[in-house]
Every structure is written in C-alpha cells, then in structure tokens.
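Asker: The structure that follows is given in the form of structure tokens.
Bear in mind these aren't lab numbers, they're just calculated from the coordinates by the rules spelled out. Small disclaimer: the values here were computed from a predicted structure and weren't measured.
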C-alpha cells in the first residue's frame, strides 16, 4: 500500500499549484522559486507516469488527468489542515501554569491578573504557589518565579528585580519604644517566616552584627512571609520585609522601615526548563510581567 503513495512534498506542491492556477503564485505561497515548483511537479509526474500540467509560453494549465487528480487529493489536504488547526487551537487554550511564592502571588501577581486577561484574552493563567527551587520533572508547571542567585540546575532564567530586605513594623508597635540601633532589638518580639528562617541572621550578619544574641528576643514564626507581614501590620512585632513586595504597605503607612539598613537578598527570576525554549504564551506573560514591574517601580 505504501508503494502507491507518491512523495509527499511534490504532492503538496502540486495541490497548491493546481489550486492557485499557476507556478509563480504557488512559489510565492510556498516560499520557493517557480523553477523549484516546476521540478517538484515533474517529480510527481514521473512517479505517476502521466502529464498533470500543460506547459506553454502563455502559462501552465491542468490536463484532464491533472484536474481529476486535484479534486481527488484536495479533500485529504483540507482534512490535514483542519486536524492541525484543531490541535493548535487546543494548545492555545491550555492555561499557562505559573509557580510563584505565595507572598508574591498575593501581593503582586493576583491583583494584576485581571489586567493581563484583558490584554491577552486568549491566554489563561493557572497560579500555583510554592517556595524554593522548582523541579520541572516532578512539578506540572511551565514557568516559575523564584528568589535566589539564578544558579539552578536544569533551569534557564531572566532576572526580574533585585530583592532588598530590612526590618519593618507597624507605627503602632513603635509607640513607647525606641528602635534606633541593633541593640534596641533585644527583648523585642521578632517575626519570621518558616520558609525564611535565615532572614534575621542574614540581615544581622550583613550589617556587621552576627554576634547579636537573637535568642534573647521573642521569635514568633509563621508558615509563610504573607502571614508574617500581616502580623507586622497588626502591630505584633518586627519582621524582615522584602521591600519590593511591601512597598504599598510602606507607602500607605501600614508598615515602617526601622534601623535604615536594607540588604540585598538575591533577586526574583523568571525561570523555565533549560532544555526547552519559552513558548509564545510564556514569552508574552514574561514581557507583560516586566512591564508591570517597570510601572510599579518608583521614579
């Protein structure tokens, strides 16, 4: 059965040329030269041992056999085109799976998602929260946004913004208290996320006070930074705040930086598998995200 099927490329060239009526227009549609179209059709004619086109100085026209052959094979190419389009449309409707830290999702991404849907109605987004480096082999996600140094095995990444951190608290927490130097933290209630237990030691080391007896302060731990920030807003204590995510709270006066010594704790990155190129949907989302970051940056 396979022997009766002609070479597919010459067959496709014939279908296009017979549909549009001349070799020059077919060449434009196929991105080749008219002579290449002629050679492909000659190959098909040799295989079939028939003449499909009349060739003359005035142009090319289908023979009777060529006309009949065209009408018999055209539905097959139409069916292939329709089946391919259905698959492509099915891929386009699959949501883009984005893995992000819960705090980034709540404080930055989710409030802006309706704008993305308005700008890109054909791209759905599925938000999955997770902390730490992504494992693309085990996790069903397309891209990830995560904090670190950008050196993750099996991943490619683009830097989004630097992550700066410093102690913050509610103005109400400072009533009756003076917090002007690191020693003033002694005996105060400190807040931290379970996922970021090293934030306080890292900050103390960066400001030259790794010797500070942090164990002499009351430490209250939360399951994620989002809860720690809310506790700080509610006046429970002092947290290490990531400034890019709590900017609105500082601007609104809900949180206030203390001690005035922010430190850099890595950067936020847009991450995807190293063995794959970014798909159109992911690239569109990444470009949109960068625009949002530019618009929300001060100055």
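Asker: What do you get for the angle between helix 8-20 and the principal long axis of the chain? Use alpha-carbon atoms, 0 to 90 degrees, nearest ten.
Answerer: So the helix axis and the longest Cα principal axis differ by about 80 degrees.
Asker: Return the Rg/Rh value of region 74-206, two decimal places, where both radii are evaluated on C-alpha atoms and Rh is the Kirkwood radius.
Answerer: 1.18
Asker: By how many degrees, 0 to 90 and rounded to 10, does the Cα axis of helix 64-92 deviate from the longest principal axis of the chain?
Answerer: Here the helix axis deviates by roughly 10 degrees.
Asker: Whole number please: convex hull volume per residue, Cα atoms of region 1-135, in Å³.
Answerer: 184
Asker: Measure nothing but the geometry: give the 0 to 90° angle between the long axis through the Cα atoms of 110-119 and the longest principal axis through the Cα atoms of the chain, rounded to 10°.
Answerer: 20
Asker: Also, quick follow-up: Given the C-alpha centroids of region 235-255 and region 99-172, what is the distance between them in whole angstrom?
Answerer: Result: 19 Å between the Cα centres.
Asker: Per 5 Å bin, what is the whole-percent P(r) computed from every C-alpha pair distance within region 94-298?
Answerer: With 5 Å bins starting at 0, P(r) equals 1, 7, 15, 19, 18, 14, 11, 8, 5, 2, 1, 0.
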